Structure formats: C-alpha cells, structure tokens
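Report on one structure; see the data block that follows.
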Amino acid sequence: MKYFSSNFKLGILGGGQLGKMLLYNTRKFDIHTCVIDPSAQAPSKLACNEFFEGDLMDYDTVYNFGKKVDTLTFEIENVNIEALKALEKEGTNVYPSSKTLEKIQNKATQKLFYIDHNLPTAPFQRFAYTEEIYTAIEHSSIEFPFVWKSAQFGYDGNGVKVVRSNEDLKSLPNVECIAEELVPFKSELAVIVARNIQGDIKAYPVVEMEFHPEANQVEYVLCPARISEEISKKAEDIALKTSAAFDHVGLLAVELFLTQNDEILVNEVAPRPHNSGHQTIEASYTSQFEQHIRAILGMPLGSTENKLSGVMVNLVGSEGHHGDVVYENIEKIMEMDGVTPHLYGKKETRPFRKMGHVTIVHSNIYNARMIAEEVKKSIKVISK
Ligand code: ADP
C-alpha cells in the first residue's frame, strides 16, 4: 500500500481531541499528516507532521489546505462544503464525501433524509425562523412540550432545548430550526458503523449513553449496552441501513433513542469518530480512530469486537472553575485496575468544557459501571 512510510499526505480539517486521537494511529502506521485548525493551541498540533492555522468555514483556506494533501478527512462537521466540492472535482479524495456532509450539516436536511430513506425518526416540523413557531402554536399544528433544535452549528446539546411554554421560546435565537416531538425514551444508544471505500461494512457493539441532566452532555458511555440481544440486533440493523443509505465512507456514529415500546429511532448521526466510541481505544480490537483511517484509505477493516467491556467517563470542567486546569485526584483513579485517563491537552478549563475522558475496562459491564462511578466521584477538573 502506498500510504505507509511514503510521500502520501493525509489532511485533517480540525485539530481537536478527535484529531489528536486519530493521529495516535497515523503515527503508529507512519502516515504523513497535515492538520488545520483555527486555534494555535489545538490539541492535534503536537502529533501531526504539519500544522496550519486557519478558519475551517473559509472557502480559500479549506481549498488551499486541501490542495496540499492526497486524501482529506475531517474531525468536525462545520467546514466549508463548497471548498470540499471543488477539491473533489479536481481529484482530491474527500472522505466522508461533501455529499454526505451536506446532508448532515443541517439538522432539517438530515431529518428529511431519514424520512426519504424510511429510517425511523421522531416526527418533526421545519421552520425557517424560530419566531414562525409561535404561529404554528396558535394554529395548533404544534403542541408543547417539544424539542427545539437549531438547524445549524449546534453541538453537544447547545443548539437543543426542550420547550414547554411560549416563555421558553423567547430565550432562543431566531434561526432556522426544527421542532421535534419530545421522545420519552428509555435510554439513548449509539452504534458506530465503519464502511471503507470498497463498501465493506462493520458495526461496533451497541453502546448506551448516560447524559448529564443539566448540561445535556454525555457523562458515561457503556459498551456493550445493557439491553437484550433482540434490541441490540434491531439497533445494529438500523445503524447499518443508515450508513448504507448515505453511501458513507469512514465512520458514521448513529445516535439512537430506545422508546418505551422498544422501538428504535434515529436521533442524529456524526460522520466521524465520536464520543460514544472513545472506549474502543482500550476495550476493542480496533479503536474507532484506527478504523476511520483504515476505512478512508480503503484498507481492510479491523475487528469491531470488544476485548473487554468498557465504560467511558467524560472529564468536563467543574462548574465555577475558569482558567489554567488542574486534574485533582488523578493519581487516585490511576491506582484503580483497568482505569486509563486521556487528557486532551487543553490548557484552560471552563464549566462543562470537554477536557479529557477516562476509560474503565473490566470483564463485566456492571462492575465497569460501578468503577466508573468511583472515578467520576474522585477526579475533578478544576482551575488552579
Ligand atoms: P447535539 O447535536 O447537540 O448532540 P442532539 O440532537 O443529539 O444534539 O440532542 C442532544 C440531546 O438532547 C440528546 O442526546 C437527548 O438527550 C436530547 N434530545 C434530543 N432530541 C430529543 C427528543 N426528540 N426527545 C427527547 N430528548 C431529546
């Protein structure tokens, strides 16, 4: 293969923690990488071969960066799609493709895609502006409660709000959005699907995500999910069908709701390595990051099976702390068997900022979850 120890260059748009973890694998395989990120302190900076600073939404910046590399991928969805289209036309390999990204970048377009492809998803309505929702309420075409979602530029739940009254609507930005039925789900699941250029496809075991009630951020990821084989099969089938519908190349993280009637609904997808797959670094035969590299370069996919059960705990900045970060009690959690901390290398903490994660591996998922709780109680991300 032409990629290893060669002149081949892989470009990555975005230099955050996902990029950093991708780079562990390009280093392992001796693949030359170029990374671009708006921040000079990007976590990926130290692990790539060439680093560039630039705005990922700017056409010229993305186009010029793309011209320097043979294959281009991304670790963040908010990048300039027109530039990706131009690069594809001129022969640069872009994976996942601009076509996939275009369908995903806008939540309204993404939801319509599920409807068009017969993929189960919560009912919704699309609005050009939030203020149009008032009229829909007056005409009873929409009822409280519902979930408001900004069509673009939301991440980690910051573009999502449960709306129970007109009062709740007032605080929301007046942007393109969707109003979705509130799903009283039993749990949130996710399946990461890997599909390579040749169309070989593999799914990781279904994971269960537990959310922080206020921040709307994933707090724990459990792999495998504590669900029946039947539900697990249903979730996997829907995830595989979703990846195939997108004709996806690379990783596709499919976030799902398990309803009270044990139905599976697709919530949203991410066309890249995902928070719900971090435990794969320690718990799986092939980490999601290695798998993404394999998929976009057309290599054989690695095994997606678990070596052990794994739980991931997100390390986010404690409330009330801003500034230079300190990981309090990190030695204490490192004394526990099967516990590995990952620190992303961000110098400054702020409330709920993702600063790192901890993986717990164990032969039993219930024990792993108990240790995860101990980890969560012990370690604190605070400022000096
Ligand atoms: P983001 O892109 O910011 O991650 P999501 O669409 O995944 O946004 O929503 C974030 C979280 O909000 C979900 O993980 C879930 O906990 C909650 N949520 C989203 N949509 C619904 C819904 N229709 N019903 C109930 N809860 C929802």
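The values are calculated or read from the model by the stated rules, or taken from the named source; none is laboratory data. Everything numeric in this text was worked out from a predicted model, so none of it was measured. Quick reminder, even Gly has a Cβ in these numbers, built from the backbone with ideal geometry, and neighbours come from all protein chains shown.
Values as computed for the structure displayed
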{"item": "Residue check, LEU256 within 15 Å of the ligand (Cβ to nearest atom) and outside any loop (DSSP other than H, G, I, E, B)", "result": "yes"}
{"item": "Meets criteria (part of a loop (DSSP other than H, G, I, E, B), in contact with a Lys or Arg (Cβ under 8 Å, 6 or more places away or on another chain) and either away from the ligand (no atom under 12 Å from the Cβ) or in contact (Cβ under 8 Å) with a residue 60 or more places away in the chain (or both)) for THR130", "result": "no"}
{"item": "Residue in segment 64-86 that is among the small types (Gly, Ala, Ser), part of a helix (DSSP H, G or I) and touching a strand residue (DSSP E or B) at 6+ places or on another chain (Cβ under 9 Å) present", "result": "yes"}
{"item": "Candidate set: segment 259-291, residues that are under 17 Å from the mean Cα position of the chain (by Cα) and away from the ligand (no atom under 16 Å from the Cβ); chosen: the one nearest to PHE4 (Cα to Cα)", "result": "GLU290"}
{"item": "Conditions (1) farther than 25 Å from GLU282 by Cα; (2) within 23 Å of the chain's Cα centre (by Cα); (3) acidic (Asp, Glu): number failed by GLU75", "result": "(1)"}
{"item": "One residue from LEU23, LEU18 being outside any strand (DSSP E or B), closer than 17 Å to HIS278 by Cβ, hydrophobic (A, V, I, L, M, F, W, C) and out of contact with any Pro (no Cβ under 8 Å at 6 or more places or on another chain)", "result": "LEU23"}
{"item": "LYS241 in contact with a Ser or Thr (Cβ under 6 Å, 6 or more places away or on another chain) and away from the ligand (no atom under 13 Å from the Cβ)", "result": "no"}
{"item": "One residue from GLU236, GLU319, GLU335 being without any contact (Cβ under 8 Å) to a residue 24 or more places away in the chain and over 30 Å from PHE8 (Cα atoms)", "result": "GLU335"}
{"item": "Residue within segment 222-229 that is assigned to a strand (DSSP E or B), modelled with pLDDT of 95 or more and either more than 22 Å from ASN106 (Cα to Cα) or more than 12 Å from the ligand (Cβ to nearest atom) (or both) present", "result": "yes"}
{"item": "Test set (1) in a strand (DSSP E or B); (2) over 23 Å from VAL79 (Cα atoms); (3) near the ligand (Cβ under 9 Å from one of its atoms) - LYS149 fails condition number", "result": "(2)"}
{"item": "Qualifying residues in segment 161-170 (those that are surrounded by 18 or more Cβ atoms within 10 Å (Cβ to Cβ) and closer than 23 Å to LEU265 by Cα) - the one nearest to the chain's Cα centre (by Cα)", "result": "LYS161"}
{"item": "Selection within segment 181-208 - under 17 Å from ASP262 (Cα atoms), surrounded by 20 or more Cβ atoms within 10 Å (Cβ to Cβ) and hydrophobic (A, V, I, L, M, F, W, C)", "result": "LEU189, ALA190, VAL191, VAL206, VAL207"}
{"item": "Any chance GLU143 is assigned to a loop (DSSP other than H, G, I, E, B), within 14 Å of the ligand (Cβ to nearest atom) and among the acidic types (Asp, Glu)", "result": "yes"}
{"item": "Residue satisfying condition, being of a type outside the set (Val, Ile, Thr), more than 20 Å from the chain's Cα centre (by Cα) and modelled with pLDDT under 95, within set PRO173, PRO145", "result": "PRO173"}
{"item": "Sole residue being of a type in the set (A, V, I, L, M, F, W, C), under 20 Å from VAL361 (Cα atoms) and over 14 Å from the mean Cα position of the chain (by Cα), chosen from ILE192, ILE201, ILE227, ILE197", "result": "ILE227"}
{"item": "So GLU88, is it away from the ligand (no atom under 13 Å from the Cβ), surrounded by fewer than 18 Cβ atoms within 10 Å (Cβ to Cβ) and modelled with pLDDT under 95", "result": "no"}
{"item": "Near pairs, Cβ below 6 angstrom, 6+ apart or cross-chain, from segment 25-45 (within 17 Å of GLU77 (Cβ to Cβ)) to any residue that is modelled with pLDDT under 95 and outside any helix (DSSP H, G or I)", "result": "none"}
{"item": "Test: residue in segment 296-316 that is surrounded by fewer than 20 Cβ atoms within 10 Å (Cβ to Cβ) and more than 24 Å from the chain's Cα centre (by Cα)", "result": "no"}
{"item": "Residue ID - farthest from SER243 (Cα to Cα), chosen from residues in segment 157-201 that are basic (Lys, Arg) and either within 7 Å of the ligand (Cβ to nearest atom) or part of a strand (DSSP E or B) (or both)", "result": "LYS161"}
{"item": "Filtered residues of segment 230-253 (kept if under 30 Å from ASN364 (Cβ atoms), of a type in the set (A, V, I, L, M) and assigned to a helix (DSSP H, G or I))", "result": "ILE231, ALA235, ILE238, ALA239, LEU240"}
